[in-house]
1. Considering only residues of segment 28-62 that are among the hydrophobic types (A, V, I, L, M, F, W, C) and over 23 Å from Ala81 (Cβ atoms), which is farthest from ligand 2 (Cβ to nearest atom)?
2. Pairs, please: C-beta under 6 Å, at least 6 apart or cross-chain, first residue touching a residue at least 24 places away in the same chain (Cβ under 8 Å) and in segment 84-112, second crowded, with 21+ Cβ neighbours inside 10 Å and among the basic types (Lys, Arg)?
3. Among (1) more than 17 Å from the chain's Cα centre (by Cα); (2) over 28 Å from Ser185 (Cα atoms); (3) surrounded by fewer than 19 Cβ atoms within 10 Å (Cβ to Cβ); (4) not acidic (Asp, Glu), where does Val27 come up short?
4. Is it the case, given these coordinates, that Leu75 is under 22 Å from Tyr13 (Cα atoms), in contact with a helix residue (DSSP H, G or I) (Cβ under 8 Å, 6 or more places away or on another chain), within 16 Å of ligand 1 (Cβ to nearest atom) and not aromatic (Phe, Trp, Tyr)?
5. Here's a check for you: in segment 182-231, which residue that is more than 20 Å from Ala23 (Cβ to Cβ) and among the charged types (D, E, K, R) is surrounded by the fewest Cβ atoms within 10 Å (Cβ to Cβ)?
6. Quick check: is even one residue across segment 63-74 within 16 Å of ligand 2 (Cβ to nearest atom) and of a type in the set (S, T, N, Q)?
7. Mind listing whichever residues of segment 90-104 are in a loop (DSSP other than H, G, I, E, B), crowded, with 16+ Cβ neighbours inside 10 Å and either out of contact with any Pro (no Cβ under 6 Å at 6 or more places or on another chain) or of a type in the set (Val, Ile, Thr) (or both)?
8. Scan segment 176-186 and tell me whether some residue there is of a type outside the set (A, V, I, L, M, F, W, C) and in a strand (DSSP E or B).
Amino acid sequence: DAVIETHGLAKVYAPGTEAEVVALHGVDLRIRRGEFVAIMGPSGSGKSTLMNLIGCLDTPTAGRYLCDGIDVATLDAEARAALRRDKIGFVFQGFNLLPRMTALENVLMPMGYANVPREERQQRGHEALAAVGLARRESHRPSELSGGQQQRVAIARALINQPPILLADEPTGALDSHTGEEILSLFKRLQSEGHTIVLITHDAEVAAHAGRTFVMRDGELHEQPPTTGAA
Ligand code: ADP
Ligand code: ADP
């Protein structure tokens, strides 16, 4: 039951020009529902390019991507944006919270107003914040929260539309190691509740929390053999 499946996924920037960059060379990736996967690799190796494709933010030059079974290449930009909202929750290194909004308002941002009545929106916001241990911080603005708390608000926001996939780009990069461990524990709990987590990091200690690790090198993705006696 693959929730992320790519076949020969390739990305070329500025094709046919002097500035041409082959950022991804035919990546084959299969991630099952409920897996916690890390993608490592040095700067410039293609991690953001892959994340933008998996996150339905960009389209490949060649190859196929099935996002929760849906062939993304068959969609126009609008349908792709809708798919992104349904299927992907994004978490970033810098939290990307809106500074003038409360924790609750930030969490409700991706929900939109059209379909869900106000009471139900609020209720889901309360539940999402409670699920990350921030029930008593709903009215706080980001500047009134610690880095770890801000990241937990961002995780609650990423999950508000109940997407199957959580895509996290260096989510612990701005946190001290203890706080980072707490965020990684939260990811493990979310995994145990059935979420699929894709964690992008350059830090091997962070990647060690994942069930499987892939390493990106010059646009090629290689699965790391499981280590024995790991932490
Ligand atoms: P990483 O996230 O691992 O740092 P990227 O995916 O950002 O790697 O970049 C992979 C390669 O693609 C690099 O050589 C980078 O310079 C190039 N690249 C990334 N984005 C663009 C772009 N929009 N236009 C041209 N080249 C790009
Ligand atoms: P990097 O990992 O290369 O430093 P970022 O973490 O800033 O880059 O962003 C990774 C990718 O996610 C970028 O290519 C950007 O287009 C996209 N991105 C950043 N912020 C958002 C956002 N709020 N919503 C959707 N996509 C975003």
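1. The qualifying residue farthest from ligand 2 (Cβ to nearest atom) is Phe36.
2. Asn106/Arg157; Val107/Arg157
3. (3)
4. Numbers: under 22 Å from Tyr13 (Cα atoms): yes; in contact with a helix residue (DSSP H, G or I) (Cβ under 8 Å, 6 or more places away or on another chain): yes; within 16 Å of ligand 1 (Cβ to nearest atom): no; not aromatic (Phe, Trp, Tyr): yes.
No, not satisfied.
5. Glu193
6. Looking for residues that are within 16 Å of ligand 2 (Cβ to nearest atom) and of a type in the set (S, T, N, Q), one finds none in segment 63-74, hence no.
7. Gln93, Phe95, Thr102
8. Checked segment 176-186: no residue is of a type outside the set (A, V, I, L, M, F, W, C) and in a strand (DSSP E or B).
Where a number appears in this text, it was derived from the coordinates with a stated rule and is not lab data. Note that the coordinates shown come from a computational prediction; the quantities given were computed from them, not determined experimentally. Virtual Cβ from ideal backbone geometry, glycine too; neighbours counted across all protein chains shown.
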